[in-house]
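Enquirer: Quick one: this structure, given as structure tokens, is what I'll be asking you about.
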Amino acid sequence: MNVVTKEATSKTPFVYLSEKENRFEIKGRSIPADAEDFWAPVLDWFESYSKNPNQSTEVKIDLEYFNISSSKRLLFLLYKLNELAESGSDIKVKWFYREDDDDMFEVGQDYAFMVKVPFEFVEYDSDLELVTA
């Protein structure tokens, strides 16, 4: 399966999806002009991945901001992960948020409520450039 890599821009997040490395990360801002165009390859990748997933999958999401159209695509992604969890796969979402960003924490809680995928919430100091968790 191909690796999906998207470098971060001021309007789009860094994305790295690798079945072989068991690495699934989304980090940054997601306010693309065309959310469908940006998120379609990510959702398509997860659709393919769901046919033969790794024994365990941990998706790291660290978004500082996203618009409503990106929010909808993120929910689609979480629904795909939910399908994997319901089929018996070991799925987990690690939701990162800055200590002073109650809104992003609450959005993560809302998403966690909408799906049956276990969420782990990781708070970190906004001065940190690199999050290691």
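Enquirer: Given (1) touching a Lys or Arg at 6+ places or on another chain (Cβ under 8 Å); (2) closer than 20 Å to Met114 by Cα; (3) open to solvent by less than 40 Å² (accessible area, probe 1.4 Å), where does Leu75 come up short, assuming only one miss?
Expert: Every condition holds for Leu75 apart from (1).
Enquirer: Something else about it: If Phe96 satisfies every condition in (1) open to solvent by 80 Å² or more (accessible area, probe 1.4 Å); (2) hydrophobic (A, V, I, L, M, F, W, C); (3) closer than 18 Å to Tyr111 by Cα but one, which is the exception?
Expert: For Phe96, the failing item is (1).
Enquirer: Here's a follow-up. Could you check, for region 89-112, whether at least one of its residues is part of a loop (DSSP other than H, G, I, E, B) and in contact with a strand residue (DSSP E or B) (Cβ under 6 Å, 6 or more places away or on another chain)? Full working, then the answer.
Expert: Narrowing region 89-112 to residues part of a loop (DSSP other than H, G, I, E, B): 89, 99-101.
Retained after the next criterion (residues that are in contact with a strand residue (DSSP E or B) (Cβ under 6 Å, 6 or more places away or on another chain)): 99.
Within region 89-112, one or more residues are part of a loop (DSSP other than H, G, I, E, B) and in contact with a strand residue (DSSP E or B) (Cβ under 6 Å, 6 or more places away or on another chain).
Enquirer: Here are some conditions: (1) assigned to a strand (DSSP E or B); (2) under 24 Å from Asp102 (Cβ atoms); (3) open to solvent by less than 60 Å² (accessible area, probe 1.4 Å). Thr57 meets all but one. Which one does it not meet?
Expert: (2) is the only condition that Thr57 fails.
Enquirer: Can you work out which of the residues in region 14-52 that are within 13 Å of Met1 (Cβ to Cβ) and in contact with a Phe, Trp or Tyr (Cβ under 9 Å, 6 or more places away or on another chain) is surrounded by the most Cβ atoms within 10 Å (Cβ to Cβ)?
Expert: Among residues in region 14-52 that are within 13 Å of Met1 (Cβ to Cβ) and in contact with a Phe, Trp or Tyr (Cβ under 9 Å, 6 or more places away or on another chain), the one surrounded by the most Cβ atoms within 10 Å (Cβ to Cβ) is Phe24.
Enquirer: Could you list, in sequence order, the residues of region 110-127 that are open to solvent by 80 Å² or more (accessible area, probe 1.4 Å) and of a type outside the set (Lys, Arg)?
Expert: Taking region 110-127 and keeping what is open to solvent by 80 Å² or more (accessible area, probe 1.4 Å), we get 110, 113-114, 116, 123, 127.
Selection gives Asp110, Phe113, Met114, Glu123, Asp127.
Enquirer: Let me ask something else about it. Is there any pair linking a residue in region 11-40 that is on the phi > 0 side of the Ramachandran plot to one that is of a type in the set (Val, Ile, Thr) and modelled with pLDDT of 95 or more, with Cβ under 9 Å and at least six apart or on different chains, and which?
Expert: Listed by first residue and then by second, the contacts come to Asn22/Thr57; Gly28/Thr9; Gly28/Thr12; Gly28/Val15.
The values are calculated or read from the model by the stated rules, or taken from the named source; none is laboratory data. Keep in mind the model is a prediction, meaning the values are calculated, not measured. In this analysis, Cβ positions are derived from the backbone assuming ideal geometry, glycine residues included, and neighbour counts consider all displayed protein chains. Side chains are part of the model used for accessible areas, which takes the heavy atoms of the whole protein and leaves out ligands, DNA and RNA. Shrake-Rupley method; radii C 1.70, N 1.55, O 1.52, S 1.80 Å.
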